[in-house]
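S.K.: This is the structure I want to talk about, given as structure tokens.
The values are calculated or read from the model by the stated rules, or taken from the named source; none is laboratory data. Given the structure is predicted, the values throughout are model-derived calculations rather than measurements. Please note: Cβ atoms are built from the backbone with ideal geometry, for glycine as well, and neighbour counts cover all protein chains shown. Remember, those area values only see protein heavy atoms, side chains included, never the ligands or the DNA or RNA. Shrake-Rupley method; radii C 1.70, N 1.55, O 1.52, S 1.80 Å.
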Amino acid sequence: MPQKNPYLIEVRDLMGRPGEMRERELSIIAPETFGEALAQVREGTEVHIDLKLESVHEGVLVTADVDTTMDAECGRCLETFATPFHVEIQELFAYTPSEAEESLVQGDHVDLEPTLRDAVVLALPFQPVCRPDCPGLDPESGELRDVEAEGSHGGIVDPRWAALAGFAETVTEPVEAAESNGSGLPESD
């Protein structure tokens, strides 16, 4: 027996009745993984969908709030984490095609899968982070950086920047002198 498509929504009671509206809630177990690389909604994850179906002259307007869980790998420290994920969808499913890329009412159903997949994949972050202040990995040791050590600038200075190390002290002296004489210009000897 073929498995029923969980994304098919019956709209028979709305077809040809502009102004009618129905609200539905769906909980679907994702039959396939959405996304690749660092962020995904994995197969088997529960997807909760709050639907609003509105009949209009051209077809059925579907508005949905989708809530699920995103599994990701931090782009800074490479730790895996899971976090709630929300996306909003609005799509017109037309009775007759007027454009090649348009979604259509198929018989007396609409298929949310292509629209949902596209919206979720486009909303997934390209470089997810486990937390906004994640310090990432140390480029020399490959170990997770310590948050306190990240704030301090002591330690090894890149030799390419070593020539500029004393530059800050020499620049502030003339500026302080210019401020003290009120002219805006450094004092002359």
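S.K.: For the stretch 105-136, give me each residue that is surrounded by 15 or more Cβ atoms within 10 Å (Cβ to Cβ) and at pLDDT below 85.
M.R.: Those that are surrounded by 15 or more Cβ atoms within 10 Å (Cβ to Cβ) and at pLDDT below 85: VAL105, HIS109.
S.K.: Which residue pairs have Cβ atoms under 6 Å apart, sit 6 or more places apart or on different chains, and have a first residue in the stretch 20-49 that is closer than 19 Å to ASP71 by Cβ and a second that is aromatic (Phe, Trp, Tyr) and open to solvent by 70 Å² or more (accessible area, probe 1.4 Å)?
M.R.: Here the result reads none, with nothing in the stretch 20-49 linked to a residue that is aromatic (Phe, Trp, Tyr) and open to solvent by 70 Å² or more (accessible area, probe 1.4 Å).
S.K.: Please determine, by comparing only the residues of the stretch 59-96 that are polar (S, T, N, Q) and over 18 Å from GLU23 (Cβ atoms), which one is least open to solvent (accessible area, probe 1.4 Å). Steps first, answer last, please.
M.R.: Filtering the stretch 59-96 down to residues polar (S, T, N, Q) leaves 63, 68-69, 80, 83, 90, 96.
Those left that are additionally over 18 Å from GLU23 (Cβ atoms): 68-69, 80, 83, 96.
Values: THR68: 15, THR69: 57, THR80: 108, THR83: 43, THR96: 99 Å².
Per the stated criteria, the residue is THR68.
S.K.: Further question on the same structure: Return the total of residues in the stretch 1-25 being open to solvent by 40 Å² or more (accessible area, probe 1.4 Å) and within 24 Å of the chain's Cα centre (by Cα). Steps first, please.
M.R.: Kept after step one, since they are open to solvent by 40 Å² or more (accessible area, probe 1.4 Å), are these residues of the stretch 1-25: 1-6, 8, 10, 12-13, 15-25.
Narrowing further to those that are within 24 Å of the chain's Cα centre (by Cα): 25.
Matching residues across the stretch 1-25 total 1.
S.K.: Out of ALA30, ALA37, report the one residue that is over 16 Å from LEU116 (Cβ atoms) and out of contact with any helix residue (DSSP H, G or I) (no Cβ under 7 Å at 6 or more places or on another chain). Walk me through it before giving the result.
M.R.: Details: ALA30 fails: over 16 Å from LEU116 (Cβ atoms).
The unique qualifying residue is ALA37.
S.K.: Next question, about the same structure. For the stretch 100-125, which residues satisfy the criterion of being in contact (Cβ under 8 Å) with a residue 60 or more places away in the chain and in a loop (DSSP other than H, G, I, E, B)?
M.R.: Result: VAL105, ASP108, LEU112, LEU124, PRO125.
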